[in-house]
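Accompanying notes for the structure given below.
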Ligand code: SF4
C-alpha cells in the first residue's frame, strides 16, 4: 500500500530521533515537511476541507503521546462478551479508509495521522504492568486506533515490538491488520509471544467498503507466510455485514482460508456484527453514500448502536461459527461486542469472564 501524504509534521524534540530518521528516509519524494513545537494543532480537523477526516489521514504527525499508551479495550464493558484485551496506542488513525470504520466518529475532531515518537515509554508501562501482576497473562494489541502494520514500512516499529515481546513470558502481542505488509516480520523470531491477526471480509465487502486495504486473498496469503515464520495467526470476521449474499460469501471465504492455511495453526477467531452508533452511521453514509454495505436496515439496539436485526445476525453468527468448528474442533471462537445472551444463543453457554478469556487466548499461543 502506498501512503498518500499531503504533509508531514515532526515535533522539534524528536527531529533527530531514530523514528524521525526512519520516516524521513522512507517518505515518498516531494512531501512537504514542517517542524513544529507541538503537533496537536496539526492533528485537529481542518473544517475548511470537504472531508476533514480523509484530509487528516493524509497528514502524518510524528509527536509525543501525552496520555498513557496502555488502556483497556474501548469495546470492553460489563455489557458485552469481551476478551479482556489491552490496547497499546502507538498511532491514531489509519491510511486505509473503511466505510464502517469507527474512527470516523471517534477521532473526528483529531483525524491527523499521529505516530507517537515516545513509544519507548510504552515498554515501561508494559513492564510496570508485569511487575504489578507477575502471575497473569495479558494479550496486548496495537490495532485499535490504527492498523498495526499499515505504517510499518515507514516506521519499522514492528521490529522493536516483536523484539520486546519475544523477551516476555506473560505478555502476548497481537498485531491486527488489513494489509499484507509483513516483510519486517519475516526475519524475526517471535518466540511464541506474537500473534498476527487479520480482519477478513468477503471480496464484495472489500471491494465496496475497505478502501486501500489488501484484498482478502492477499491477507490470507500473508497469514500463511507469517505462520510459516513462527507467528500465531488469528482472524476477525468483524464486522459481519448482512447483505443478501452474505452467507454464501462468508462461507466461501472460510473455505478459501482453510484451503490455504491448516486450521490447527490458527489461534482464535472472533466474530462481530456491523454496529454503528448514530453518529458513525451518519458520518459513514455521508462519506460513502453509494456503498450498498451501509444501506442495510439495521435496528437501534439497546446499547444505542444500529445493528442487523437480531435473528438474521444470530443466524449468520451460528452458520459461521459452526463452519469454523467443523474445520477446527476446539479452536477458540468468541463474539466481539455482543451480549452474553447472544453468546448463549450461539454457543449454548455464556462467555467466560473477560479476564479469563483474555488469559486463555494469551496462553493458547504457547500451548
Ligand atoms: S483498516 Fe481498520 S483502522 Fe483502518 S480504516 Fe479500516 S477499519 Fe479503520
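The values are calculated or read from the model by the stated rules, or taken from the named source; none is laboratory data. All values reported here derive from a predicted model rather than from experimental measurement. FYI the Cβ positions are ideal-geometry reconstructions off the backbone, even for glycines, and counts take in every protein chain you see.
I'd like to check something: does the stretch 109-127 contain any residue that is under 13 Å from the mean Cα position of the chain (by Cα), within 13 Å of the ligand (Cβ to nearest atom) and modelled with pLDDT of 95 or more?
Checked the stretch 109-127: no residue is under 13 Å from the mean Cα position of the chain (by Cα), within 13 Å of the ligand (Cβ to nearest atom) and modelled with pLDDT of 95 or more.
Select from the stretch 93-127 the residues that are loosely packed, with under 15 Cβ neighbours inside 10 Å and either in a loop (DSSP other than H, G, I, E, B) or touching a helix residue (DSSP H, G or I) at 6+ places or on another chain (Cβ under 7 Å) (or both) and list them in ascending order.
109
The rows are residues; the columns are (1) part of a loop (DSSP other than H, G, I, E, B); (2) touching a helix residue (DSSP H, G or I) at 6+ places or on another chain (Cβ under 6 Å).
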residue: 279; (1), (2): no, yes
residue: 283; (1), (2): no, yes
residue: 289; (1), (2): yes, no
residue: 293; (1), (2): no, yes
residue: 296; (1), (2): yes, no
residue: 304; (1), (2): yes, no
residue: 316; (1), (2): no, no
residue: 330; (1), (2): yes, no
residue: 333; (1), (2): no, yes
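For the stretch 177-189, name all the residues that are in a loop (DSSP other than H, G, I, E, B), more than 16 Å from the ligand (Cβ to nearest atom) and buried (at least 17 other Cβ atoms within 10 Å of the Cβ). Write out each step before concluding.
First, pick out the residues of the stretch 177-189 that are in a loop (DSSP other than H, G, I, E, B): 178-182, 186-189.
Among the residues that remain, those that are also more than 16 Å from the ligand (Cβ to nearest atom) are: 186-189.
Of everything in the stretch 177-189, just one residue is in a loop (DSSP other than H, G, I, E, B), more than 16 Å from the ligand (Cβ to nearest atom) and buried (at least 17 other Cβ atoms within 10 Å of the Cβ), namely 188.
Among the residues of the stretch 128-147, which ones are away from the ligand (no atom under 16 Å from the Cβ), in a loop (DSSP other than H, G, I, E, B) and either closer than 26 Å to residue 31 by Cα or touching a strand residue (DSSP E or B) at 6+ places or on another chain (Cβ under 8 Å) (or both)?
The first filter runs over the stretch 128-147 and keeps only residues away from the ligand (no atom under 16 Å from the Cβ), leaving 128-140.
Cutting the leftovers down to in a loop (DSSP other than H, G, I, E, B) gives us 133-137.
The one that is away from the ligand (no atom under 16 Å from the Cβ), in a loop (DSSP other than H, G, I, E, B) and either closer than 26 Å to residue 31 by Cα or touching a strand residue (DSSP E or B) at 6+ places or on another chain (Cβ under 8 Å) (or both): 137.
Please name all residue pairs, on different chains or six or more residues apart, with Cβ atoms under 7 Å, provided the first residue is in the stretch 199-227 and is under 9 Å from residue 179 (Cα atoms) and touching a residue at least 60 places away in the same chain (Cβ under 8 Å) and the second residue is within 13 Å of the ligand (Cβ to nearest atom) and assigned to a helix (DSSP H, G or I).
Hits for this filter: 213/206.
Any idea which residue in the stretch 166-176 is nearest to the ligand (Cβ to nearest atom), counting only those that are within 23 Å of residue 206 (Cα to Cα) and in contact (Cβ under 8 Å) with a residue 40 or more places away in the chain?
The extreme case among them is 176.
Each row is one residue, and each column tells you yes or no for (1) in a loop (DSSP other than H, G, I, E, B); (2) buried (at least 21 other Cβ atoms within 10 Å of the Cβ).
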{"site": "153", "(1), (2)": "no, no"}
{"site": "158", "(1), (2)": "no, yes"}
{"site": "162", "(1), (2)": "no, yes"}
{"site": "165", "(1), (2)": "no, yes"}
{"site": "191", "(1), (2)": "yes, no"}
{"site": "195", "(1), (2)": "no, yes"}
{"site": "208", "(1), (2)": "no, no"}
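Of (1) surrounded by fewer than 21 Cβ atoms within 10 Å (Cβ to Cβ); (2) at pLDDT below 95, residue 65 satisfies all except one. Which?
Failing condition for residue 65: (2).
Looking at the stretch 78-87, can you tell me whether even one residue there is surrounded by fewer than 21 Cβ atoms within 10 Å (Cβ to Cβ), more than 16 Å from the ligand (Cβ to nearest atom), in a loop (DSSP other than H, G, I, E, B) and modelled with pLDDT under 95?
There is at least one residue in the stretch 78-87 that is surrounded by fewer than 21 Cβ atoms within 10 Å (Cβ to Cβ), more than 16 Å from the ligand (Cβ to nearest atom), in a loop (DSSP other than H, G, I, E, B) and modelled with pLDDT under 95.
Residue by residue through the stretch 229-272, note down the ones that are buried (at least 23 other Cβ atoms within 10 Å of the Cβ) and more than 30 Å from residue 340 (Cβ to Cβ).
Matches in the stretch 229-272: 231 only.
Regarding residue 201, is this residue farther than 18 Å from residue 254 by Cβ, within 16 Å of the ligand (Cβ to nearest atom) and modelled with pLDDT of 95 or more?
no
So is residue 323 closer than 21 Å to residue 253 by Cβ, more than 24 Å from the chain's Cα centre (by Cα) and surrounded by 14 or more Cβ atoms within 10 Å (Cβ to Cβ) or not? Lay out the reasoning, then the answer.
Values: closer than 21 Å to residue 253 by Cβ: yes; more than 24 Å from the chain's Cα centre (by Cα): no; surrounded by 14 or more Cβ atoms within 10 Å (Cβ to Cβ): yes.
In short, no.
Could you grab me the full set of residues in the stretch 148-165 that are within 16 Å of the ligand (Cβ to nearest atom) and touching a residue at least 60 places away in the same chain (Cβ under 8 Å)?
150, 151, 153, 154, 155, 157
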